[in-house]
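The values are calculated or read from the model by the stated rules, or taken from the named source; none is laboratory data. From a predicted model like this one, the values you see are computed outputs, not experimental measurements. For neighbour counting, all protein chains shown are included, and Cβ atoms are generated from backbone atoms with ideal geometry for every residue, glycine included. Ligands, DNA and RNA are stripped out before the accessible areas are found, and what is left, the full protein with its side chains, is counted by its heavy atoms. Shrake-Rupley method; radii C 1.70, N 1.55, O 1.52, S 1.80 Å.
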Amino acid sequence: MSPSRAVLMVGEGNFSFSASACQLYSGSETTVTATCLQHQEEALRHEGAADNIQTIKDSGTVLFEVDCTKLDECASLQGHRFDRVVFNFPHYGRKSGVKKNRELLRNFFLSCVQVLAEGGEVHVSLCNGQGGTPADQPKREWHNSWQAVAMAAEADLILSAIHPFENDKHQSYKCTGYRSQDKGFHVEKALVHMFTRSIPYTPAHLLKVEEVVEGEKVQRFLCSDSVHPVKLVQDFLLEGLMKKWPVSMMTETIPFLLTAKQLQTHCCGIDSAQCYWIHLLQKDLTSDTDTSADKENDPRPTETLLPTCLASNKGDRVRIKGVESFRSACSLDIDPEGESGMHMLRPSLLPQMEELLAKKEAIINADGNEKDDLLYGISGVVFRNVPIGLWAMPAFHELLIQGVFPSESEPGKLLGEKLETLLAPFGVSIVTEQGGLRLKAQPVGLVGKVFASDVSDNNNHVRITASLNLDLLAVLLFSLPDWRLLWSHDPRFLKQFSSHPSPGTPFHPFCLYPEPFIFDISFWTGPTWEEKNFHAVVREASCGTVEQVKLIDRFSHPDLSQTSYCYRLIYHSHTHALSHTRALQFHKHLETLLSSRLQVTIR
């Protein structure tokens with residue numbers, strides 16, 4: 001540990017571990033406060049306790065009758081904050097079962113956070129098998145373990161590291177307390193579990209989006225000085241492509257909104273049902289007149305919800321010029337065919353890219369400087385209204401690469417082979433399908449595609465486009481356990497990428513072995529049920545912690561115009577502490593939102 005640290009030891013017996021720690025910290029500014037549950041006379045009956053206590057008092061503090069599950073009630077600890085709280089081989093006492101020891105851990109975690117300093121750590125040493133994580137060898141069945149991760153999550157703590165208990169470092173340590181007796185126990189293969197605080201959950205909130213703010217683009221992930229893995233993947237791809245072709249990245253600002261006509265013209269491969277449709281209300285930005293009364297009287301819907309994963313971007317405030325602000329996370333029930341003036345959050349960058357390239361080509365043709373084998377690129381966030389799934393992203397960063405080549409050179413095949421060469425080490429392969437090439441990888445599925453289109457007034461050339469999902473590629477290239485990590489604002493995430501690690505460098509999770517929790521929900525709906533609205537409400541109610549939704553039963557009443565649905569939801573988070581209590585709170589909130597928003601009847 002670094003100097004000037006305060007360490008609290010709880011649950012001591014003969015104080016031999018605390019005495020050994022004091023000897024290790026000798027010469028540093030680290031101070032040790034050692035506590036035990038027993039009163040002083042009882043503690044002194046342990047063999048060697050008197051000498052150990054004196055060793056601790058030479059440089060630290062010893063406290064008796066301290067209940068580690070009620071640390072905030074200890075008068076001697078009032079006002080003190082500790083950088084590390086250590087519970088060495090906790091046990092409820094005597095021949096107690098796993099349930100009582102789980103409860104001990106849970107109450108300890110809830111108590112210790114009251115005295116834990118900002119950025120502090122909680123260290124819990126457990127015998128092999130007790131923790132219930134894959135680090136235990138052999139691993140016990142979860143129901144037969146102490147479920148350390150789940151108990152810590154009750155106090156918003158996450159398991160950030162596990163390492164072997166180094167008994168050799170503590171030569172004077174004598175483990176005692178086996179079944180509350182002055183007997184030792186086995187510490188071989190014991191593990192130290194290190195817990196840290198989780199960042200708090202952020203509920204869905206108003207997210208304003210602006211194309212340009214004082215001349216600066218709002219693209220946090222892809223800005224020039226970004227160390228986000230999405231940006232590192234983009235740099236890796238561009239560097240590889242530029243070894244064969246020159247690539248010019250377009251820097252023009254492009255709008256977040258598309259019209260229905262743009263979608264039909266340029267994105268025939270995108271299902272309009274997967275778009276976030278938005279009504280626009282014209283607003284005079286030059287006027288300071290309060291139009292709130294007009295808004296209240298306007299019956300047209302003005303809000304739509306973006307995916308909850310975007311709610312973590314607290315600093316991104318956006319206003320789309322000439323448009324009323326909109327809220328981000330579910331889609332409106334709108335038929336784009338029957339609506340005039342309908343807009344959507346862009347599902348692809350292709351329409352804007354082709355419009356920009358058309359302008360560039362007009363200038364090039366006017367100058368007579370047409371050049372083959374030049375690639376243009378553009379990147380940014382796009383949005384898809386997709387159901388919740390392990391690898392289904394409601395928002396991701398797309399990299400588009402496009403160029404015009406002579407037809408006889410088979411440019412599509414060449415570009416596909418180059419991408420496959422770059423990405424094959426990470427499990428990506430090329431599959432030829434109708435309409436072009438598909439880049440696929442397990443377990444994430446489709447990560448990109450390469451396709452050709454005709455060039456107007458030029459039968460000898462063909463336009464080649466590559467569309468790549470930078471988020472899924474970041475998952476593959478840096479071995480991320482969950483794509484939702486990419487949207488985390490926990491500083492521990494980006495810290496691992498501050499040194500610009502090369503692709504293939506594995507990410508080290510700061511939240512180890514998070515437990516999933518499964519809940520079922522059943523309800524009656526009316527005749528106008530839309531499942532996509534259900535998924536949107538699930539995202540919002542769960543703060544993005546539901547990773548899978550599965551329909552397990554459906555029943556239509558023969559006499560009533562009602563249908564019963566039963567869904568199974570898996571709550572799982574690699575970014576936050578998720579306890580059974582918290583997951584249940586989210587699930588109860590979901591029931592409330594479903595009843596009020598979608599008018600269903602919970603069964």
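Things to note:
- Residue within the stretch 530-549 that is in contact with a Leu (Cβ under 8 Å, 6 or more places away or on another chain), surrounded by fewer than 21 Cβ atoms within 10 Å (Cβ to Cβ), in a strand (DSSP E or B) and not hydroxyl-bearing (Ser, Thr, Tyr) present: yes
- Those residues of the stretch 19-51 which are under 47 Å from the mean Cα position of the chain (by Cα) and in contact (Cβ under 8 Å) with a residue 60 or more places away in the chain, in sequence order: Ala19, Ser20, Ala21, Gln23, Leu24
- Residue satisfying all of: in the stretch 462-475; farther than 9 Å from Val233 by Cβ and assigned to a helix (DSSP H, G or I); farthest from the chain's Cα centre (by Cα) among these: Leu472
- Odd one out for Ile521, checked against (1) of a type in the set (Val, Ile, Thr); (2) open to solvent by 60 Å² or more (accessible area, probe 1.4 Å); (3) part of a strand (DSSP E or B): (2)
- Qualifying residue in the stretch 258-271 (condition: out of contact with any helix residue (DSSP H, G or I) (no Cβ under 8 Å at 6 or more places or on another chain), open to solvent by 40 Å² or more (accessible area, probe 1.4 Å), modelled with pLDDT of 85 or more and part of a loop (DSSP other than H, G, I, E, B)): no
- Top-ranked residue in the stretch 72-113 [being open to solvent by less than 30 Å² (accessible area, probe 1.4 Å) and assigned to a loop (DSSP other than H, G, I, E, B); ranked as farthest from Gly131 (Cα to Cα)]: Cys74
- Across the stretch 508-518, the qualifying residues are those that are in a loop (DSSP other than H, G, I, E, B) and not charged (D, E, K, R), and the one among them that is surrounded by the most Cβ atoms within 10 Å (Cβ to Cβ) is Cys511.
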